[in-house]
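The values are calculated or read from the model by the stated rules, or taken from the named source; none is laboratory data. Being a predicted model, the structure only gives us computed values, none of them experimental. Here the Cβ positions follow ideal geometry from the backbone for every residue, glycine too, while neighbour counts run over all protein chains shown.
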Amino acid sequence: MRIVFSRKLKYFYAMLARLVGCLFLIFAPALLSGGGFAAEPLGLCYGPNRAERKVTCLVDGDTGWEAGVKWRLQSIDTPEYPPFAECIVEPEYAKAATFRMLELMRGGYQIEWLGEKGKAGRDLVKIRLSDGRDAGSILVAEGLALEWPHPPKAWCGAPIG
């Protein structure tokens, strides 16, 4: 028995196949990234209007933007870049902490929004990596972050890392 499809039916199946293909391309990265852990390209922040541009990027080792919302890791502090650095060596430590955090997050992460704001008005968060570890705890263990609060000029003494 031979089945003959009308042109409209062939067109319908072709469109349905395209739709399924598009949906796969849209949702496959989320489904394959380990259950809701973002693994999209993450870079350093640049340029103005980050909230309006809804950027996702990293400012430094403890601060970033997620879809235009500025966040800060709860209870830890990483070294600062100028003009907030307290001594000449602190920016080098800031660079090490920033690039380590970038490396950790590029493996996949999930942000836990804590529903609190820090003193600078940033949303406080915890970042869970795709392997279940806490990103802030890793930075502290590796000497690239300190628990907050800590004494002034903490990065200006002995070498870290």
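If only residues of the stretch 48-79 that are touching a residue at least 60 places away in the same chain (Cβ under 8 Å) and at negative phi are counted, the one that is surrounded by the fewest Cβ atoms within 10 Å (Cβ to Cβ) is Q74.
Those residues that are of a type outside the set (K, R), in contact (Cβ under 8 Å) with a residue 24 or more places away in the chain and outside any strand (DSSP E or B), I need them from the stretch 97-120; list them, please. Hits for the stretch 97-120 are A97, T98, M101, L102, L104, M105, G107, G108, G118, A120. Within the stretch 122-161, the set of residues being over 21 Å from E103 (Cα atoms) and in contact with a helix residue (DSSP H, G or I) (Cβ under 8 Å, 6 or more places away or on another chain) comprises W155, C156. The set of residues from the stretch 76-108 being in contact with a Lys or Arg (Cβ under 9 Å, 6 or more places away or on another chain) and either farther than 22 Å from S130 by Cβ or at pLDDT below 95 (or both) comprises P79, Y81, E86, C87, E90.
When Q74, Q110 are checked against the criterion of being of a type in the set (S, T, N, Q) and closer than 22 Å to P41 by Cβ, Q110 stands alone in meeting it. Across the stretch 42-49, a minimum of one residue is classified as more than 26 Å from W155 (Cα to Cα), modelled with pLDDT under 95 and small (G, A, S). Of the residues making up the stretch 121-147, those that are buried (at least 17 other Cβ atoms within 10 Å of the Cβ) and in a loop (DSSP other than H, G, I, E, B) are R122, S130, L144, A145.
For the stretch 88-121, the set of residues classified as within 21 Å of V69 (Cβ to Cβ) and within 15 Å of the chain's Cα centre (by Cα) consists of T98, M101, L102, L104, M105, R106, G108, Y109, Q110, I111, E112, W113, listed by residue number. Please indicate, with yes or no, whether at least one residue in the stretch 140-151 is over 19 Å from V59 (Cβ atoms) and among the hydrophobic types (A, V, I, L, M, F, W, C). Within the stretch 140-151, one or more residues are over 19 Å from V59 (Cβ atoms) and among the hydrophobic types (A, V, I, L, M, F, W, C). Selection within the stretch 71-87: residues that are more than 17 Å from the chain's Cα centre (by Cα) and of a type outside the set (D, E). The member of this set that is nearest to R100 (Cα to Cα) is P79.
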